[in-house]
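The values are calculated or read from the model by the stated rules, or taken from the named source; none is laboratory data. Owing to the predicted nature of the structure, the values given are computational and were not obtained by experimental measurement. Note that we place each Cβ from the backbone using ideal geometry, even for glycine, and neighbour counts take in every protein chain shown. When the accessible area is computed, the model is the full protein with side chains, heavy atoms only, and any ligands, DNA or RNA have been set aside. Shrake-Rupley method; radii C 1.70, N 1.55, O 1.52, S 1.80 Å.
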Amino acid sequence: MSSVTPPSSSPALDTFRDIILWRRKKVSATVLLVSTATWTLLQVYHFNFITVVSWLAIFILASLFLWGNILRLLGKEPPKVSNLEFSEQTSVEISNTCRTVVEDVLRWMFRVTVEEKWFVFARTLAGLLLLSYVGTLFDFLTLVYIGITTLMTVPVIYMKYGEQIKRQGERVKGEMRRFYEMFDERKMSSQFAKQEKEKKVEHEKKLD
């Protein structure tokens, strides 16, 4: 009887998971630092996007030039450019990932509009309307920066403090449930008092 091995996840998804969970701390810190620096230069100091890209390219070229010359002065061989290439497997995995994302989005849209009940459709439209309203408050670059910052902080925080967050969430739910019960009891008691008062008034009218 042959054992079936489960399909392994793609290296691209594993790398993405490692980055957002800060398992590759240097890469994660670089992503967060570059996104923060880009947003600061473009939004706070109002630099042009092409200017920032040009400066970044100049910095990379100058760093590589100095690194290669220092290696030559030390008698070491610089890294070969032929090793810097994307393999066919990596390209196929990237294209498959993009295709999977598009298929999931189309499948989700079909399920919401056709298969699900009307309140799911209404809730989805309300969420999209809320997102469009948020989009009027921020520009595209700021939204992208907020998304990157959230993606780089929320998953790792939840991974480390997930149990505490769940406990606090259950506690908040319990407090809200208790508050709702108290409010419901007060509402019922006020309605009961109102009914008793109306009955008393009607009884007094009958006696008169």
| Rounded accessible area of Phe183 (nearest 10 Å², 1.4 Å probe) | 120
| remark: Per residue convex hull volume, Cα only, segment 99-178, in Å³ is 173
| note | Connecting every pair of Cα atoms under 10 Å apart in the chain and solving the GNM, the largest mean-square fluctuation among Asp139, Asp184, Asp18 falls on Asp184
| request: Please give every one of the aspartates and glutamates within straight-line cross-link reach of Lys199, meaning a C-alpha to C-alpha distance under 17 Å, and leave out same-chain neighbours fewer than 8 residues apart. | output: Asp208
| request: Could you rank Ile165, Ile19 by how accessible they are, 1.4 Å probe, largest area first? | output: Ile165, Ile19
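Please arrange Val201, Val112 by accessible surface area, largest first, computed with a 1.4 Å probe and ligands excluded.
I get Val201, Val112, largest accessible area first.
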| note | What the Cα atoms of segment 144-198 span along the principal axes, largest first and in whole Å, is 61, 27, 5
| task | Give the share of C-alpha pairs in each 5 angstrom bin for segment 52-208, from 0 to the last occupied bin, in whole percents, shortest bins first. | result | 1, 6, 5, 6, 8, 12, 12, 9, 7, 7, 6, 5, 4, 3, 2, 2, 1, 1, 1, 1, 1, 0, 0, 0
| note | When the charge dipole of segment 105-167 is computed with +1 on Lys and Arg Cβ and -1 on Asp and Glu Cβ about the Cα centre, the Cα farthest towards its positive end, among Val134, Gly147, Val112, belongs to Val112
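Starting from the coordinates of the alpha-carbon atoms of segment 23-101, obtain the Kirkwood hydrodynamic radius over all distinct pairs and give the value in Å to one decimal.
Values: mean 1/r = 0.0619 Å⁻¹.
It works out to 16.1 Å.
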| field | Hz values of 3J(HN,Hα) by residue in segment 172-189 - Karplus curve (6.51, -1.76, 1.60), Gly and Pro given as x | value | 5, 4, x, 5, 5, 5, 5, 5, 5, 5, 4, 5, 5, 5, 5, 5, 5, 5
| Dipole magnitude (debye, nearest 20) for the chain, charges at Cβ of Lys, Arg, Asp, Glu | 600
| message | Not counting ligands, DNA or RNA, and with a 1.4 Å probe, what is Trp55's accessible surface area in Å² rounded to the nearest 10? | response | 120
